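Scroll down for the structure; my scribbles are underneath it.
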Amino acid sequence: MSKIYTAKEALQKLEHFCAYQERCHDEVVSKLYSLKMTTEEVNIIVVQLIEGNFLNETRFACSFARGKHRIKYWGKIRITNELKARHISSTNISLALKEISSEEYFETFENLAERCWNSIHENDTFKKRKKFCDYMLRRGYESDLVYEKVKELEQK
């Protein structure tokens, strides 16, 4: 049987949950509902977490964008879509994307593109191009960047 939490216990649990890793409002709300909290309790606890600076949507968005770009090498389109899926405001999304400098962005793009192109062992040029473009677009890089890069890599 699952434990029934009081609002105070749930707040402490969520403070730890938010302190461990940046969270968005959606994650916190679903966690609270999984602890069998009522809508009223959820709203009160979310407000307390925001006031205690445990929950900050802007901080979450910036941290998310930096991490996904530096660790998973995601492009801006994928980061934007993932943040939208978490109901992050467009203002916070813009701020988050500013966390990635254009030099860092293009350097990551170039390195990923070179590595990807060299790892595709395909004799058919058309298939190799398609695999490369699909991969880079799935990673969330802009199509014009990807298509320019594929032309450049084919020339080599």
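Near the amide H of L55, within less than 5 Å, lie the amide hydrogens of I50, all on another chain or at least 5 residues away, with H placed in the peptide plane. Charged neighbours of W117, selected by a Cβ distance under 14 Å, balance to +3 (K, R count +1; D, E count -1). With each run of n ≥ 4 DSSP H residues scored as -39500 (n - 2.57), what mean residue ellipticity at 222 nm is computed for the chain after dividing by its residue count and rounding to the nearest 500 deg cm²/dmol? Result for the chain: -23500 deg cm²/dmol, rounded to the nearest 500. Place a point 7 Å from the Cα of D134 along the Cα-to-Cβ direction; which residues of segment 50-91 have their backbone N under 18 Å from it? Inside the label zone: nothing. Given points 7 Å out from each Cα along the Cα-Cβ axis, report the R115 to Q48 separation in nanometres with one decimal. Taking the simple label geometry, R115 and Q48 are separated by 4.4 nm. Spin-label model, T38/D124: points 7 Å from Cα along the beta carbon direction are separated by 6.3 nm.
Cross-link check: pairs K76/K130; K76/K151; K68/K128; K3/K36; K84/K131 evaluated at a Cα-Cα cut-off of 18 Å; pairs beyond the cut-off: K76/K130; K76/K151; K68/K128; K84/K131.
With a cut-off of 12 Å, note down the residues of segment 61-76 whose backbone N falls inside the zone around a label point 7 Å from the Cα of E27 toward its beta carbon. What the label zone holds, given the 12 Å backbone N cut-off, is 61-65, 67-68.
Values quoted throughout were computed directly from the atomic coordinates according to the rules given, and no laboratory measurement underlies them. None of these values were measured; they are calculated from a predicted model. As a convention, Cβ positions derive from the backbone with ideal geometry for all residues, glycine included, and neighbour counts pool all protein chains shown.
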